[in-house]
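Participant: Before I ask anything, let me first share the structure, which is written out below as structure tokens.
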Amino acid sequence: MEAQLENKVKADKYYSAKSDVVESLTFNDLLISKSLSGFGIVSNIDIIRHMNDTLLDSGLEFNLDKIYAKNNLVNKTRGIEIDHDSLTQYPSITDQNGNILYNPHSLRFNRVAGSFKIDSLANGETYGFIGFAATHRGYELAIGTEVSICSNMCILNANNRISTFGDAKIGDVNAIMKRLKEWTNSYGEIDEQNKEKIALMQSLDIDENYVRKIFGKLYELNHTKNEEMIIGANMLSKTQKYYVNNFYEKEEVQIQNIWDLYNAFTYNLKFENTDFVNIFEQNQKIGDFLLNSRTKNYEHYKLN
């Protein structure tokens, strides 16, 4: 049976009730779900609605970008576009004959991710974003800059990535929602800091030999137990292939500075290109690594 989101929701493709396995729950079950580790009684839709309300209260100009959802062990990533009204007015999922199959609020995916685009202070080349990811590990939020031409997310400060787990853990869901409020209240300052860091990355010229050293150092860090791994082996391999196919020995398109190389990595660090887990972490850490490789901040990151 094929189904599609109608009314104010657009789907990238038809949903198949047979192959795209989803769990149908009542709205009450969704709100009081305790089956996912670290989620407690908070549902994914609650997080999105709370973020939406916080941004509305801030006075920032924003819109909700695609929401991506999938179940554990299912490699297919599905994108759903939902506008603000749909957060409170749920349209139905129907088949091609118009028969209602499910209501979106009664569908639960194990993994949900997406972002709010912030148009305030956008300069044509970049705009702000606040991303969210809910996985089996818990909840993550990140604030950063997105590149207009390619939609690459850029998380340029370790303080701009928070979660309910791991190295960026600051507490429970209430703690990260409190931090979200602080972010929106100081968005102008965060945006200025991001733009300054982008300008610095653009000023640090590199050549092809330097790029090769970068990849070599990252592979070395992946296989050295006493060093911190910056980016996973699979993502590193994908980025290297992307670099070879799009830049290597192409005179008309060359990576010229740290900012260019960072964008080669963030091209694959998108919700539609990889698993949601660790996207924000790898994004932020690869940016720090590339910048520090040209500074004196972290000597153990220096290239030979």
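Participant: Of Lys213/Lys241; Lys169/Lys197; Lys195/Lys238; Lys169/Lys285, which sit over 20 Å apart, Cα to Cα?
Facilitator: Lys169/Lys197; Lys195/Lys238
Participant: Would you tally the net charge around Met201, using a Cβ to Cβ cut-off of less than 12 Å, leaving Met201 out, and scoring K and R as +1, D and E as -1?
Facilitator: In short, -1.
Participant: Could you derive backbone 3J(HN,Hα) for region 118-124 from the dihedral phi with the Karplus parameters 6.51, -1.76 and 1.60 (θ = phi - 60°), listing whole Hz in sequence and x where the residue is Gly or Pro?
Facilitator: Once θ is set to phi - 60°, the couplings for region 118-124 become 10, 8, 4, 6, 5, 10, x Hz.
Participant: Find how much the distance from Val244 to Ala175 grows on full extension, using 0.36 nm per residue of separation minus their present alpha carbon separation; answer in nm with one decimal.
Facilitator: This chain segment gains 20.6 nm when fully extended.
Participant: Using 7 Å Cα-to-Cβ label points, what is the Ala233/Asn185 separation (nm, one decimal)?
Facilitator: It works out to 4.6 nm between the two label points.
Participant: Nearest 0.05, what FRET efficiency do Gln256 and Glu61 give at R0 = 41 Å with Cβ-Cβ as r?
Facilitator: Approximately 0.80, to the nearest 0.05.
Each reported figure results from applying straightforward, stated rules to the coordinates on display, with no laboratory input. Remember, predicted model here, so these are calculated numbers, not experimental data. Note that each Cβ is placed from the backbone with ideal geometry, even for glycine, and that neighbours are counted across all protein chains shown.
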